[in-house]
Every structure is written in structure tokens, then in C-alpha cells.
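Just so you know, all these numbers are worked out from the coordinates, no wet-lab data involved. Computed from a predicted model, the values in this text were never measured in an experiment. When we count neighbours, we look across all protein chains shown, and the Cβ atoms used for this are built from the backbone with ideal geometry, even at glycine.
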Amino acid sequence: MDPIDENPSAGPAGSPAELRRPILAFATAGVPLRTTGAPELVSFDRRELREILDLYARKVAEGEWRDYALDFSAQKAVFSIFRRSSEFPLYRIEKVPRLARRQGAYAIVAATGLVVKRGHELGRVLAVLDKRLKLVAD
């Protein structure tokens, strides 16, 4: 007799308790439970976040920006910048990996939806927002 049949709590064949048994066996053997899991999220890596947050910190110190939000999806990662937390974002810094070979993975989008700058290097794209005052001599 099969050990499963000897267990009275196992229930009849096809019961939910018996259907879970193979899944648990596979999970303990190192095979993932879901092979068709959710798609991986696109995110900013540590270097990219450091560059973005350095710019953000300077603008907060100047009093221009006050809040931010991070959004991650399967297609893109977005860092939204707000003047006040209750408003729409002033700018969105987007990372879209599928555009990396064409126009560049990074883009800055204004509140109106206009793409201000797009490129392959995040530092060059962020330079558009980092306008520093220059001393003009007479």
C-alpha cells in the first residue's frame, strides 16, 4: 500500500491536500514553485541611484524640489521629481532598457510629456537638470 493511501487525512485522490503534495516535493528539491512567474522589474542600479540622488539632494538644498517617487515595472523604471508632494511631477527620469541600442535607455520627461533629453549615459542626461550658475566677468 502507498504511504499516501495509509494517511487518512490525505483525503480522496484529487483532493486539494493531495494536489499540493507534489508541488511541495518539487519546492523542497530546489525547483521553483512557479516557472512562469511574474516578469522581472526594471530598476535603477546603485550607481544610477547615486547619480540621481546626488542631483536631487542639490536641488532640495536649493529649495527647488521637495519630493520624489520611484516606480518600477517590467518595461521601465521611473524616478519622478515633485515641487510639492501633492502635485504632478515636474520631471520624470526614465530608464527603458529596450531603447538602449536605439535612442538610449535614459530619458528626462517634462510635466507636459515632452522628452527634454534622451541618451545612453545617465550623467549626460542628468546634466540638463543640473544647471549651475556661472560667474560672468565684465
Practice problem: Can you tell me the FRET efficiency between ARG101 and LEU70 if r is taken as the Cβ-Cβ distance and R0 is 30 Å, rounded to the nearest 0.05? | Solution: 0.75
Exercise. Quote the FRET efficiency, to the nearest 0.05, computed for PHE88 versus ARG47 with a Förster distance R0 of 22 Å and r equal to the Cβ-Cβ distance.
Key: 0.20
